[in-house]
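See structure below.
What follows draws every value from the coordinates through simple rules; no lab data is involved. Predicted, not measured: the structure shown is a model, and the values here were computed from it. We place every Cβ from the backbone using ideal geometry, glycine too, and count neighbours over all the protein chains shown.
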């Protein structure tokens with residue numbers, strides 16, 4: 001391909017690119033123009049809708065309804081406002097639209113965007129004024145239909161209220177006159193509504209409808225709640241008040257202090273509140289009346305719970321009154337007995353200061369408890385406090401008494417254990433001596449060729465320990481801690497002697513039995529004879545364990561397992 005051809009192709013590509021860019025730019029420009037064109041058309045349409053046919057039609061309807069100065073003034077005001085929208089606001093919008101169209105034609109897109117936004121706000125503002133004006137006009141043109149519909153519903157509700165009242169008229173005896181007077185007022189308002197509608201006095205109609213709605217609403221509340229108010233205020237609460245008075249009088253005669261409940265004051269205040277409720281009921285004002293009466297009723301119901309609480313508290317108080325006195329007197333007697341014996345105990349036993357001091361503390365606590373008890377009983381006799389308060393005081397006092405009782409029991413256990421330990425030590429001394437004598441008798445009962453060497457050492461140690469134990473028992477005061485140590489030492493050493501003698505005799509018997517058993521093989525087996533000679537020599541020297549081992553080893557040559565057989569025969 002020649003150089004000229006390359007140049008030609010390059011030129012064609014260049015021209016194609018330029019044309020493509022131009023086409024794309026034109027398309028973008030066209031799209032943007034179409035967008036602005038559409039927005040301008042929408043603004044034109046919104047402008048034309050500001051003052052629609054509906055507002056003119058509704059205003060013409062009002063013109064036909066004018067029959068008084070008030071309506072004439074309203075009509076003139078609406079005409080003036082409509083004229084201002086048509087002749088002032090709309091022309092301003094038209095001028096702004098012309099400016100926007102000129103900018104569009106001049107392709108001044110930079111300022112066009114801000115002008116469109118500004119005009120949109122202006123149209124929205126004027127349109128809102130127009131809609132507000134239309135709503136005001138419609139309140140008059142549609143008032144008859146709307147008010148007729150409202151009055152129809154109110155009449156239906158009114159008939160329902162009237163029927164309920166007439167069906168249960170005996171329940172409204174306290175407020176029959178004001179209720180019936182209110183019924184008459186409602187009838188008059190319905191008649192006034194019809195007159196106002198006939199005269200096209202639409203400004204008064206709204207007021208009449210609202211008055212009817214408010215009156216019927218109040219009548220509905222009265223008819224629904226008045227029976228409850230009357231029965232609570234005239235029957236339930238007065239009956240409870242009388243019952244409460246009777247119970248209060250009876251309980252006070254029985255010794256109950258009910259001053260803290262302020263019953264008389266609260267009854268007076270409740271009666272005042274009930275009078276106020278019925279005074280307001282006579283003018284059909286029921287605001288908070290049911291709530292107030294229920295609160296009063298709940299208060300008197302709660303008094304029954306308080307009465308039961310006081311009765312229970314009295315029983316609890318009386319139980320504590322007996323039990324605390326008995327227990328305190330008993331503890332005081334025990335404490336006094338201990339204090340009288342404390343010198344003897346100090347002489348007999350090595351007591352610490354803490355062991356003795358605790359008795360003084362216990363005695364002091366018992367005195368304090370009895371003083372508190374007498375104070376509470378005095379308050380009871382003078383009826384200073386209610387039983388609920390007195391029973392709590394007794395409960396606290398009983399808790400203190402239980403702690404003191406626990407301390408005294410612990411002291412008794414501690415002091416009582418001293419004598420028990422001494423008694424037990426003397427009993428164990430006799431037992432230890434018996435075991436030691438048994439050990440001596442065991443040695444004598446079987447004539448051993450030689451007494452084991454350790455027997456006399458252990459016997460001497462045991463005898464010394466028993467002597468130490470006897471000396472400790474003869475001391476005054478006795479240290480129980482040292483005594484218990486002496487007892488343990490004497491018992492252990494005595495048992496050691498006993499076990500030594502028992503083991504030595506057992507081993508000697510088994511060795512002797514083995515030698516006797518093995519004599520049958522002496523003549524036949526030389527090795528057996530030599531082993532038995534060693535066993536005999538060891539036996540006469542007092543080495544019973546070695547003697548037994550030599551005898552068993554010798555016999556085992558002839559009879560394997562002889563140890564087991566000898567053990568069975570011995571047992």
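Annotations
- Each residue in 222, 283, 450, 316 was given a count of other beta-carbon atoms within 10 angstrom of its own, and listing them fewest first yields 283, 450, 316, 222.
- All C-alpha to C-alpha distances of region 166-241, sorted into 10 Å bins beginning at zero, yield P(r) values of 17, 37, 24, 14, 6, 2 percent in whole numbers.
- According to the Cα-based calculation, Rg over Rh for region 145-300 is 1.19, with Rh computed by the Kirkwood formula.
- In a fully extended conformation the segment linking residue 220 and residue 157 would gain 21.8 nm over its present Cα-Cα distance, using 0.36 nm per residue.
- At full extension, residue 242 and residue 426 could sit 58.4 nm farther apart than now, given 0.36 nm per residue minus the alpha carbon distance.
- Approximate spin-label separation residue 125-residue 433, in nm, with each point projected 7 Å along Cα-to-Cβ: 13.0
- Least to most buried among 430, 319, 213 (fewest other Cβ within 10 Å first): 430, 319, 213
- Both radii are taken from the alpha-carbon atoms of region 519-565; with Rh as the Kirkwood radius, Rg/Rh is 0.97.
- Cβ-Cβ distance of residue 315 and residue 177, R₀ of 60 Å, FRET efficiency by 1/(1 + (r/R0)^6): the value works out to about 0.65.
- Considering region 255-300 at the alpha-carbon level, its Rg and Dmax are found to be 13.1, 46 Å.
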